[in-house]
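A single structure is presented below for examination.
The values are calculated or read from the model by the stated rules, or taken from the named source; none is laboratory data. Just so you know, these numbers come straight off a predicted model, no measurement behind them. So basically every Cβ, Gly included, is an ideal-geometry build from the backbone, and we count neighbours across all protein chains shown. Accessible surface is based on the protein model in full, side chains and every heavy atom, while ligands, DNA and RNA are left aside. Shrake-Rupley method; radii C 1.70, N 1.55, O 1.52, S 1.80 Å.
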Amino acid sequence: MKIIAFGASTSKKSINKALAQFTATLVPGAEIEVLDLRDYDLPIFSTDLEQEIGLPPAARAFFDKIGSAEGVIVSFAEHNGSYSAAYKNLFDWASRIDQKVYQDKPAVFLSTSPGPGGAGSVLASAKGSAGFFGADLRAAVSVPSFHDVFDAATGHITEKDALKDLTAAAEALALQEVA
């Protein structure tokens, strides 16, 4: 199963990217590709700009990466209670190709933060709109206090409850629906 995983942040040391990457390793038999949102540099979306320049190649490249996957893992960074500007902009451009940016792929949505909230506000927003944007949401997990539960040396979650929740989410992603 090919998994696309990414943190919805452009931070070089993104804890959300680390969480998405780690969770992808929990998907049984997964072939993992980790995206870096810094590779999708785009001008700020507006319909005026879209009419002027058309669809930027980076938006098509991102959309095609999602399309190439059999599953998607996204860990949302929370900026002032919402999506990071970089992710929202990339998502807005990609949605001009097709509103179903996630292309009906099985998905796991995650979030984390250094504090006890675990970026729960942005995760709630993402969960609420998942179906509208073509995500077959299989699980959603918030991991609070990231630096207390993640071993940077090994790249692993060490706290047993968080690990249990992430493992269950990864397994749910791999399940094939029975018709």
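Can you tell me which residue within segment 125-152, out of those that are assigned to a loop (DSSP other than H, G, I, E, B) and at pLDDT 95 or above, is farthest from Val72 (Cα to Cα)?
Within segment 125-152, the match that is farthest from Val72 (Cα to Cα) is Ser145.
OK, next. Checking the condition open to solvent by 70 Å² or more (accessible area, probe 1.4 Å), out of contact with any His (no Cβ under 9 Å at 6 or more places or on another chain) and within 15 Å of Phe22 (Cα to Cα), which residue from Thr154, Thr167 passes?
Thr154
Something else now. So which strands (runs of 3 or more DSSP E) are wholly in segment 1-119 and hold at least 3 residues that are of a type in the set (S, T, N, Q)?
Hits in segment 1-119: none.
Given the options Pro106, Pro144, Pro43, Pro56, name the one that is touching a residue at least 12 places away in the same chain (Cβ under 8 Å) and surrounded by fewer than 14 Cβ atoms within 10 Å (Cβ to Cβ).
Pro43
If you check Glu33 against the conditions, is it surrounded by 14 or more Cβ atoms within 10 Å (Cβ to Cβ), under 21 Å from Leu173 (Cβ atoms), among the charged types (D, E, K, R) and touching a residue at least 12 places away in the same chain (Cβ under 8 Å)?
On the way: surrounded by 14 or more Cβ atoms within 10 Å (Cβ to Cβ): yes; under 21 Å from Leu173 (Cβ atoms): yes; among the charged types (D, E, K, R): yes; touching a residue at least 12 places away in the same chain (Cβ under 8 Å): yes.
Answer is yes for this residue.
Shifting gears a bit: Take segment 104-138 and flag every residue that is under 14 Å from the mean Cα position of the chain (by Cα) and on the phi > 0 side of the Ramachandran plot.
Scanning segment 104-138 gives Ala119, Gly134.
Quick one: Pro116 ticks every box in (1) surrounded by fewer than 19 Cβ atoms within 10 Å (Cβ to Cβ); (2) under 14 Å from Gly7 (Cβ atoms) bar one, so which box is it?
(2)
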